[in-house]
Each structure stands twice: as structure tokens, then as C-alpha cells.
Amino acid sequence: MTKWTVDQSHSAVGFEVKHMMVSKVKGQFNNYTALVEATDLVDLTTASIEFKFDVASIDTRSEDRDNHLKSADFFDIEKYPSIDFKSTNITKDGEDFKVTGDLTIKDVTKSVTFEVEFGGKGKNPWGVEVYGFEAEAKINREDFGLTWNAALETGGVLVGKDIKIKVELEVNPEA
């Protein structure tokens with residue numbers, strides 16, 4: 001098996017959630033680590049994938065909101081500094097893949113499936129193999145103990161339950 005390194009300057013880990021029932025808030029985790037091992041990345045079914053998102057690096061372009069997300073109302077980063085994912089099963093789905101694994105947020109672990117699109121492979125200007133992938137999953141944040149919310153005067157709530165997690169990866173073989 002080959003170990004693959006995530007090129008963080010060409011990758012992103014983000015999310016989006018409904019805000020006030022009318023728009024979306026998007027954010028990302030600026031710091032994360034990943035371990036990808038595979039015999040062949042064109043056939044992702046041979047892979048083992050692990051991610052660790054540093055929750056303190058959350059960035060929604062609002063310092064006040066980011067601080068609230070880091071607090072005990074949401075992620076409680078003093079007790080739970082990371083969000084972890086470890087693949088348990090990978091299947092081919094036409095040209096794409098389904099990567100199922102254990103997602104742990106706070107002290108709750110649940111099985112989550114990412115829909116993964118293979119973006120292709122090539123060589124960068126230095127002759128290094130490069131592979132690209134885009135992955136997306138939807139979770140209910142309340143299933144992971146992220147239950148804080150506020151009722152709106154006009155009806156509805158401030159923060160939606162469904163979270164889309166989006167991962168864009170460019171990987172190269174570990175040197």
C-alpha cells in the first residue's frame with residue numbers, strides 16, 4: 001500500500017448549514033490532518049482513509065460566530081478538540097465511490113457515507129503524481145450532540161439541523 005499526502009494548499013474541508021431558515025452559512029476547518037493509504041487511487045475501494053479536523057481552526061468569516069461554535073454550546077473544544085473520521089467500507093458507485101466510515105463529533109460516533117467523485121489524475125510540473133477527489137455527506141448535527149438553537153420571532157430557528165460536509169482533496173504519494 002502506498003501512503004498519500006494531502007496537498008493542503010490545493011484542498012479544503014468545509015461545511016454549510018441553513019441560517020435563519022432563509023440562507024446558508026459556509027465555513028471551513030483551516031487545519032486538519034489526513035492519512036490515505038491505497039494500492040491504487042483510481043480504484044478507491046483499495047483505500048484506507050482517516051481525517052482529523054482541528055475544531056479550533058473553524059472559520060466562518062465571523063469571529064463572534066466562530067467563538068460561539070468553539071464554546072460548550074456547540075463543539076466544546078476544551079473537551080473535544082477534533083472531529084475524526086475513519087473509513088470502514090468503500091464501494092464503487094458507477095464512476096464514483098461511496099466512502100462509509102465512523103465520524104466522531106464530541107463524544108458521539110456514527111456511521112456516515114460520503115459520496116465521492118474522482119476528479120482525475122495527472123503529473124504536476126515537478127513530475128509528481130497528483131489525484132483529485134470531491135466528497136460530500138449530509139448529517140443531522142443534533143445526532144452528534146450539537147443541539148443549541150434559538151427560536152426566531154417570525155417562526156423557525158436560527159440554525160438548521162442538516163449540515164453538508166464538503167471535502168476537496170488533492171493528494172500525492174508520500175515522499
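Annotations
- Reduced Cα scattering model of the stretch 113-175, Debye log10 I(q)/I(0), q = 0.16, 0.17 Å⁻¹: -0.68, -0.71
- Once divided by 2.2 N^0.38 Å, the Cα radius of gyration of the stretch 2-173 becomes 1.09.
- Among E16, E134, E78, residue whose mean-square fluctuation peaks in a GNM of the chain (springs only between Cα atoms under 10 Å): E78
- 9 Å beta-carbon shell around D84, net charge (K/R +1, D/E -1): 0
- DSSP-loop chymotrypsin sites (Phe, Trp or Tyr not before Pro) across the stretch 55-163, with at most 11 other Cβ within 10 angstrom: W126
- Filtered trypsin sites (Lys or Arg not before Pro), the stretch 18-63: DSSP coil and at most 13 other beta carbons within 10 Å: R61
The numbers here are math on the coordinates, done by the rules we state, and not lab data. Just so it is clear, the model here is predicted, and its values are computed rather than measured. Note: ideal-geometry Cβ built from the backbone for every residue, glycine included; neighbour counts use all protein chains shown.
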